[in-house]
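As structure tokens, the structure follows; a few thoughts come after it.
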Amino acid sequence: MDYTPYFSKNALRMKRSEIRELLKLVNQPDMISLAGGLPAPDVFPVDELKDITDEVLEQEGRKALQYGPTEGDPRLKEELVKLMAKEGISTTPDNILIITASQQGLDLLGKIFIDRKDTVVTESPTYVGAIQAFNAYSAHMETVECDEDGMVPEALDEKLRFLFEKGIKPKFVYLIPDFQNPSGVTLPKERREEILEIAEKYRMIIVEDTPYRQLRFEGKSEPPLKAMDKNGRVISLFTFSKILLPGFRLGWIVAPEKVIEKLVMAKQSADLCTSPFVQAITYRFLKKGSMNKQISLIVDQYRKKRDHMLNMLKRHMPKLKGLKWTKPKGGLFLWVTLPEYMNSRELFVRAVEKKVAFVVGPAFHPHEKCENSLRLNFSYSSFDQIEEGIKRLAESIRHYETEIKRKESTVITP
Ligand SMILES: Cc1ncc(COP(=O)(O)O)c(C=O)c1O
């Protein structure tokens, strides 16, 4: 049976995530994967969660195993209001929707805002899962240049002016302001202010996605855009995936009530509610005050791994003009820029032969640009794997460089 004629146009347009495809390589023997965005499993608080789970089952098992309200467990929302206050975000439970982690948030935002061919503005590069989520609603994506301080406000202004002159009003600007995925860079406060002013000027909605913001290794936190938002232009996505564990599939959105109302309706048709059991466990984890300790543990470990990866890059990478990498102050990733004449997909083939994997730059661009870039993850691999993985990557780059040089020298000039 050929199902192709039956699939919707949207389904036919969907592409498999390059990252998910690459993650399959993790299972190959001896492969060192610096590709995926997985947290380190050894910091998951398994014992504590086991005790809390027993408590939930004993004390409220029949309720926690039942369906729950679409909006989320009110007790968890109260805890999140307190957590948000620590981030400078003054909010209420009515402005919070519990979601099945932030990937669902991206999907629901697509569902309530995007009609076919609507424009969404993103950073370049941007999170591959956001590209997939917005593509599923047939969005047209426009990108804005970023540098080592994230989105360039002048470039955003220029892009919006250009689009408005063509009669195009984008639905929202999507940003990952802290320790961005994939680049690892963070938007400074001044740029956040400028971006909010630009949003005001063009009456734009800003969607900020913040999975990594609490994972800061050094320096002072920048305020979330939501904390600086005077006119309700910002919708913020948060998740427990990177500060606790991803397997719970738990996150939350902070947004104006009118937006929450629509999101609730959109969520009802998606999954009715996020697991009440998981919400009850997480509520108790927060209530006990265990979150800070957990975040410190993660930050301590990831800082060491980031330092180790940076040291290994410095030690092993060849000295080539244009070869550089970001030095993130938090999060899980760093972004390598290769010399312009190199292509990360071609390097990938050579790297896999040497048993090291990364994610190629074009995966993070809605139109598959960023050809000479790649993303490295430092949270998941062990210290030894990071060292060996970077050695293998450096060898692959040397090997690729030699091939390019050899090809150039065999071109016969008339
Ligand atoms: C920027 C960004 N947004 C959203 C997600 C999705 O995370 P989750 O659905 O686990 O919250 C990720 C995952 O890596 C991410 O990097």
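The values are calculated or read from the model by the stated rules, or taken from the named source; none is laboratory data. All figures in this text were calculated on a predicted structure; none of them were measured in a lab. As a convention, Cβ positions derive from the backbone with ideal geometry for all residues, glycine included, and neighbour counts pool all protein chains shown.
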Legend entry - Among (1) surrounded by fewer than 19 Cβ atoms within 10 Å (Cβ to Cβ); (2) in contact with a Leu (Cβ under 8 Å, 6 or more places away or on another chain) - the single one Tyr6 does not satisfy: (2)
Inset, instruction - Assess whether Ala394 counts as being under 23 Å from Asp147 (Cβ atoms), in contact with a helix residue (DSSP H, G or I) (Cβ under 9 Å, 6 or more places away or on another chain) and part of a helix (DSSP H, G or I). - result: no
Inset, instruction - Answer yes or no as to whether Gln59 is part of a helix (DSSP H, G or I) and under 15 Å from Ile281 (Cα atoms). - result: yes
Inset, instruction - For Asn311, work out the one condition from (1) without any contact (Cβ under 8 Å) to a residue 40 or more places away in the chain; (2) more than 23 Å from the chain's Cα centre (by Cα); (3) in a loop (DSSP other than H, G, I, E, B) it doesn't fulfil. - result: (3)
Legend entry - Subset tally (residues that are away from the ligand (no atom under 16 Å from the Cβ) and among the polar types (S, T, N, Q)) for segment 90-124: 5
Inset, instruction - Could you tell me which numbered condition Tyr380 fails, if it satisfies all but one of (1) modelled with pLDDT under 95; (2) assigned to a loop (DSSP other than H, G, I, E, B); (3) within 34 Å of the chain's Cα centre (by Cα)? - result: (1)
Legend entry - Filter pass, Gly72 being within 16 Å of the ligand (Cβ to nearest atom) and modelled with pLDDT of 95 or more: yes
Inset, instruction - Please work out if Pro339 is assigned by TED's automatic domain parsing to the domain that holds Asn372, in contact with a Lys or Arg (Cβ under 9 Å, 6 or more places away or on another chain), assigned to a loop (DSSP other than H, G, I, E, B) and away from the ligand (no atom under 15 Å from the Cβ). - result: yes
Inset, instruction - Filter segment 319-350 down to residues that are over 20 Å from the mean Cα position of the chain (by Cα) and not hydroxyl-bearing (Ser, Thr, Tyr), then give me how many there are. - result: 17
Inset, instruction - Please give the number of the condition Met265 fails out of (1) within 30 Å of Asp149 (Cα to Cα); (2) part of a helix (DSSP H, G or I); (3) more than 16 Å from the ligand (Cβ to nearest atom); (4) among the aliphatic types (A, V, I, L, M). - result: (1)
Inset, instruction - Please verify whether segment 237-250 includes one or more residues that are away from the ligand (no atom under 11 Å from the Cβ) and modelled with pLDDT of 95 or more. - result: no
Legend entry - Residue ID - surrounded by the most Cβ atoms within 10 Å (Cβ to Cβ), chosen from residues in segment 64-76 that are touching a residue at least 60 places away in the same chain (Cβ under 8 Å) and part of a helix (DSSP H, G or I): Leu76
Inset, instruction - Could you list all residues from segment 244-277 that are among the acidic types (Asp, Glu) and touching a helix residue (DSSP H, G or I) at 6+ places or on another chain (Cβ under 9 Å)? - result: Glu257, Asp271
Inset, instruction - Tell me, please, whether a residue that is in contact with a Pro (Cβ under 9 Å, 6 or more places away or on another chain), within 25 Å of Ile243 (Cα to Cα) and of a type in the set (Phe, Trp, Tyr) can be found in segment 338-359. - result: no
Inset, instruction - Look through segment 78-97, keep the residues that are free of Cβ contacts under 8 Å to residues at least 60 places away in the same chain and touching a Ser or Thr at 6+ places or on another chain (Cβ under 9 Å), and return whichever of them is surrounded by the fewest Cβ atoms within 10 Å (Cβ to Cβ). - result: Ala85
Legend entry - Options Leu187, Leu225, Leu175; residue that is within 15 Å of the chain's Cα centre (by Cα), away from the ligand (no atom under 13 Å from the Cβ), surrounded by 21 or more Cβ atoms within 10 Å (Cβ to Cβ) and over 15 Å from Glu71 (Cα atoms): Leu187
Inset, instruction - Would you mind telling me which numbered condition in (1) surrounded by fewer than 22 Cβ atoms within 10 Å (Cβ to Cβ); (2) more than 18 Å from the chain's Cα centre (by Cα); (3) closer than 30 Å to Leu175 by Cα; (4) hydroxyl-bearing (Ser, Thr, Tyr) Thr402 fails? - result: (3)
